[in-house]
Amino acid sequence: MVCLQAIMKSQTTVTEETVAVQLAEEREPWALPSSIFKARVKESDARAFYDGGATVDKMFERDWQRACGKEKFTSMLARENKGNAAGKSDKQAMQDVHDMLKKHYQAFYSVFVYYAAGGNDPYHMPLNAYSSLLDDAGIPDPESLSCKRSDCDTIFIVCNFQPDKNSPDVAVNDEHALMRFEFMEAVVRLALAKYGKGQATDDLGIAVELLFERNLLPRLPPMAMLVSNDFRTERLYTEEVDLLFKQHQVWVWVCVRASMLSCLAWH
């Protein structure tokens with residue numbers, strides 16, 4: 001009984017007290033136009049946060065124009081078209097190649113960026129990255145008359161050749177790696193070597209289509225088909241990434257400016 005009374009005396013009575021709770025500071029919800037990415041609207045080719053269809057079309061036509069500016073490329077197309085049983089004109093054959101490349105240009109661009117980045121330069125695809133692409137896509141064929149590994153390597157050399165050593169382009173075009181328009185030429189030459197010359201078709205445009213449908217689209221890794229706009233939406237344009245970049249914005253802008261200068265030098 002004594003112990004019980006002692007325990008009861010030792011108990012304290014708890015009373016409710018007014019507790020001051022500091023409310024979280026209200027702030028504007030995160031928005032892309034106020035993020036570190038806002039400069040893209042003024043400085044990118046698209047003048048927007050995303051690359052629209054007009055921008056992609058302009059990229060394609062610029063690549064095609066540069067590829068067709070190489071006499072060896074256009075003369076090769078004319079030579080290969082002589083085997084067309086339907087008697088298609090050279091102009092129409094080139095238009096067919098143009099149209100097939102444009103149809104698959106988003107995939108073409110993604111593939112180039114993926115393999116070029118593996119060579120530490122997003123604007124040039126070196127031989128080792130090119131060779132990796134060939135293996136991943138299953139393009140070389142040891143039984144082929146014109147698409148053995150050695151033939152594919154020769155295509156790399158031919159497409160990388162710069163006839164005018166005094167051209168301003170030489171300063172930014174690595175002589176040992178493919179730029180995007182040179183890779184476009186390589187894709188066409190690979191398509192004709194593997195499927196043209198009457199092997200699967202005598203039509204230039206169909207040969208290009210076959211290379212995409214049988215090799216590039218189904219066999220390359222998913223990351224090689226990543227669309228830049230999808231990456232921006234799903235990974236890049238987020239509040240977390242924005243805050244992280246702002247913490248290191250000096251370093252970020254040094255990298256961005258260096259990349260822009262490299263790109264502007266080519267354009």
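The values are calculated or read from the model by the stated rules, or taken from the named source; none is laboratory data. The model shown is predicted, which means the values in this text are computed figures rather than measured ones. Backbone-built Cβ (ideal geometry, glycine too); neighbour counts: all protein chains shown. Heavy atoms of the whole protein, side chains included, go into the accessibility calculation; ligands, DNA and RNA do not. Shrake-Rupley method; radii C 1.70, N 1.55, O 1.52, S 1.80 Å.
Here are the numbers for this structure:
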item	result
3 or more residues within 25 Å of Leu216 (Cα to Cα) and open to solvent by less than 70 Å² (accessible area, probe 1.4 Å): qualifying helices (runs of 4 or more DSSP H) within the stretch 24-107	53-68, 71-81, 90-103
Any hit, the stretch 113-123, residues being in contact (Cβ under 8 Å) with a residue 12 or more places away in the chain, closer than 26 Å to Ala78 by Cα, assigned to a helix (DSSP H, G or I) and open to solvent by less than 60 Å² (accessible area, probe 1.4 Å)	no
Checklist (1) of a type in the set (Ser, Thr, Tyr); (2) over 24 Å from Met100 (Cα atoms); (3) in contact with a helix residue (DSSP H, G or I) (Cβ under 7 Å, 6 or more places away or on another chain) applied to Thr201, failing item	(2)
Residue identified as within 25 Å of Cys68 (Cβ to Cβ), in contact with a His (Cβ under 8 Å, 6 or more places away or on another chain) and small (Gly, Ala, Ser) among Ala177, Ala191	Ala177
Residue under evaluation Asn128, criteria (1) open to solvent by 50 Å² or more (accessible area, probe 1.4 Å); (2) over 20 Å from the mean Cα position of the chain (by Cα), criterion not met	(2)
Residues satisfying the stated conditions in the stretch 202-239, i.e. of a type in the set (Gly, Ala, Ser) and open to solvent by 30 Å² or more (accessible area, probe 1.4 Å)	Ser228
Lone unmet requirement of (1) part of a helix (DSSP H, G or I); (2) in contact with a strand residue (DSSP E or B) (Cβ under 9 Å, 6 or more places away or on another chain); (3) modelled with pLDDT under 95 for Ala186	(3)
Residue count for the stretch 124-149, restricted to those that are part of a helix (DSSP H, G or I), touching a Leu at 6+ places or on another chain (Cβ under 7 Å) and more than 22 Å from Asp169 (Cα to Cα)	2
The stretch 162-201, residues that are under 21 Å from Met94 (Cα atoms) and open to solvent by 60 Å² or more (accessible area, probe 1.4 Å)	Lys197, Gln199
